[in-house]
Amino acid sequence: MCLAIPGIIEELEGEWAKVRVGGVTVEANVALVPGAALGDYVLVHAGYAIQRLTQEDAEESLELLREFSEFQESLDEGK
Amino acid sequence: MSEAPSKHPDAATVIERIRALPLRPAKFMEVCGTHTVAIFRAGIRNTLLAERKIELVSGPGCPVCVTAAAEIDDVAQLALREPGRITITTYGDLLRSKGHDTSLADARAKGADVRVVLSPNENIALAQQHPEREIVFFGIGFETTQPGLAHTLLEAERRRLANFTAYVSHKLVAPVLEVLAKDPRLKLDGFVLPGHVSTIIGEEPYGFLARDHGLPGVIAGFEALDIIVALYYLLAMREKGEPHIVNAYKSVVLPEGNIRAREMIDQVFEPTDAHWRGIGAIPMSGHVLRERFAAFDTHLRFGLERVIEDESGFGECRCGEVLLGLIKPPECGLFGTRCTPEEPVGACMVSSEGACANYFRFGQRR
Ligand code: SF4
């Protein structure tokens with residue numbers, strides 16, 4: 001649950017951003033990352049950007065995320 | 001730490017360096033459940049770790065796993081108290097974790113209105129769309145997750161939401177590390193410290209591990225290489241007899257953490273004693289809402305008692321020992337037989353970050 005996922009800010013309006021994570025776009029609040037701007041890479045956790053990133057870091061963590069969500073899905077299917 | 005490997009050394013180089021160190025058994029703990037996953041993914045458990053006699057034990061860094069069963073019971077009962085008026089929201093991971101009696105999924109099956117949210121902020125819209133309902137958010141999580149709820153509560157205050165409260169069941173990492181560092185049964189040689197928690201709290205809160213307990217710690221990322229580099233640092237520091245806290249995830253973790261996020265946490269919550277499932281009460285290891293936010297406190301709104309000690313135990317489930325690194329999941333008699341991800345007995349088998357779930361998933365049977 002503490003896994004934060006990286007993405008790029010594609011739209012920004014006030015505190016709210018549209019962040020592209022892999023192939024999908026998620027809404028994230030950027031109030032915790034003052035000065036966040038369009039085109040910034042950010043780490044997103046539970047709907048909030050919690051830190052800025054370089055592009056390189058962003059790509060590295062995506063692979064882990066993919067495996068992770070597949071696993072959680074497989075667990076949830078078992079219910 | 002004289003010559004630290006550059007940010008992206010190749011794995012072979014780092015492994016070579018590890019092999020160049022004297023072979024002495026070592027026991028480290030990866031505190032964070034996401035690291036447990038990363039270590040399995042790296043495929044080093046039965047190779048590099050076995051060869052170098054490095055034991056890596058999982059720790060308490062799985063929010064679902066450490067959420068007190070009595071709190072789950074509490075929230076499930078609240079959900080069933082007035083299903084026509086009360087809506088419980090929480091993170092999906094928590095749904096299937098059982099209290100002593102029941103899980104939130106069970107409560108839902110009995111007619112309670114339990115909804116999964118991906119972000120605490122979703123509660124705002126939910127409360128506005130359903131003024132006739134009480135929206136109760138079951139907020140678990142470590143420091144990574146806490147600033148989001150802090151921001152949500154500030155927003156709720158700004159909007160004067162009258163039908164939203166939070167059942168705060170946060171956990172703080174540093175107090176549990178102190179418990180682990182002091183446990184004479186554990187005999188740890190150091191910690192792989194959680195990357196994303198550190199994004200918020202920075203390096204300083206770990207300082208006492210090295211200072212007071214002589215234990216090194218490395219803040220690490222989640223790639224195979226990050227893990228191998230962290231192990232190298234830990235081993236090297238031990239050889240030199242110079243325990244420090246090393247930040248090996250500098251791209252994401254600033255020395256001071258995320259100041260804005262920490263300010264927000266501090267504005268909304270204050271530390272309080274908390275009960276960790278399977279571990280027990282740890283002083284000042286959780287959060288309670290500050291008085292200013294009393295109107296948003298589920299405990300006050302619905303007259304609930306805070307769960308600080310929960311003596312009931314868990315029968316044969318040995319999650320508590322797993323969370324303290326005292327045993328590995330396969331040592332539990334139920335592992336893989338009566339307890340599997342499909343039919344979990346304990347919380348450590350429910351969450352994708354749980355040690356039992358990951359030992360099972362990656363076929364690690366010893
Ligand atoms: S295998 Fe199941 S019963 Fe045993 S400790 Fe893990 S979660 Fe508990």
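The values are calculated or read from the model by the stated rules, or taken from the named source; none is laboratory data. Because the structure is a prediction, the values reported are computed rather than measured. We place every Cβ from the backbone using ideal geometry, glycine too, and count neighbours over all the protein chains shown. Only protein heavy atoms, including side chains, enter the accessible area calculation; ligands, DNA and RNA are left aside. Shrake-Rupley method; radii C 1.70, N 1.55, O 1.52, S 1.80 Å.
Just how many % of Cα pairs in region B:293-366 lie over 17 Å apart, if you round to the nearest whole percent?
50
So for each of B:61-67, B:174-180 I average, over its residues, the number of other beta carbons within 10 Å; can you give me the resulting order with the highest mean first?
B:61-67, B:174-180
For chain B, treating each Cα as an identical point scatterer without solvent, what Debye log10 I(q)/I(0) comes out at q = 0.07, 0.13, 0.14 1/Å?
-0.31, -1.02, -1.15
Partner chain Cβ atoms within 10 Å, averaged over the residues of A:38-50 - can you pull that number for me?
Averaged over the peptide's residues, the number is 5.
For region B:4-130, report the translational diffusion coefficient in µm²/s to the nearest whole number, using Stokes-Einstein at 10 °C, 1.306 mPa s, and a Kirkwood Rh over Cα pairs.
87
List the lysines whose alpha-carbon lies under 20 Å from that of B:Lys328, not counting same-chain residues fewer than 8 positions away?
Of all the lysines, those that pass the test against B:Lys328 - Cα under 20 Å, at least 8 places apart if same chain - are B:Lys27, B:Lys53, B:Lys182, B:Lys187.
Taking the Cα of B:Glu55, stepping 7 Å toward and past its beta carbon, and measuring to each backbone N in region B:316-334: which are under 15 Å?
Hits in region B:316-334 for B:Glu55 at 15 Å: B:321-332.
On a 1.4 Å probe surface of the protein chains, which of A:Trp16, B:Trp276 comes out largest in accessible area, and what is the full order?
A:Trp16, B:Trp276
To the nearest 10 square angstrom, what accessible area does B:Arg19 show with a 1.4 Å probe?
120
For region B:182-301, what ratio Rg/Rh do Cα atoms give with a Kirkwood hydrodynamic radius?
Reported Rg/Rh (Cα atoms, Kirkwood Rh): 1.05.
Distance from the Cα centre of region B:249-305 to that of region B:106-146, in angstrom?
Going from one Cα centre to the other spans 18 Å.
Out of B:Gly217, B:Gly354, B:Gly257, any idea which swings most in a Gaussian network model of chain B, alpha carbons joined below 10 Å?
Result: B:Gly257 has the largest fluctuation of those listed.
Using a 7 Å offset from Cα along Cα-Cβ at B:Glu204, what residues in region B:244-264 end up with backbone N under 18 Å from the label point?
Those under the cut-off are B:245-247, B:253-264.
Go through region A:1-31 and flag every residue whose accessible area shrinks by 20 Å² or more with all protein chains in place compared to the isolated chain (probe 1.4 Å).
A:Met1, A:Cys2, A:Leu3, A:Glu15, A:Trp16, A:Ala31
Could you tell me which helices of chain B pass both thresholds, a Cα extent of 20 Å or more along their own axis and a mean Kyte-Doolittle hydropathy of at least 0.5, with helices taken as whole DSSP H runs?
Those that pass (Cα extent of 20 Å or more, hydropathy at least 0.5) are B:224-240.
So what is the accessible area of the protein assembly as shown per residue, in Å², with the probe set to 1.4 Å?
Per residue, the protein assembly as shown has an accessible area of 39 Å².
List the aspartates and glutamates whose Cα sits under 15 Å from the Cα of B:Lys240, skipping any in the same chain fewer than 8 residues away.
Reachable aspartates and glutamates: B:Glu3, B:Asp189.
For region A:1-50 and region B:164-204, what is the separation of their Cα centres, given in Å?
The two parts, judged by their Cα centres, are 25 Å apart.
Considering the Cα trace of the protein assembly as shown, what is its radius of gyration and what is Dmax, both in angstroms?
Using the Cα atoms of the protein assembly as shown, the pair Rg, Dmax is 21.0, 67 Å.
With a 10 Å radius around each residue's Cβ, average the other Cβ atoms per peptide and rank B:300-308, B:325-333, highest first.
Ranking, from highest mean packing down: B:325-333, B:300-308.
Taking all protein chains together and a probe of 1.4 Å, list B:Lys98, B:Lys182, B:Lys27 from the most accessible to the least accessible.
Descending order: B:Lys182, B:Lys98, B:Lys27.
Ignoring ligands, DNA and RNA, what percent of the 1.4 Å accessible area of the protein assembly as shown is carbon and sulfur?
Roughly 51 percent, rounded to a whole number.
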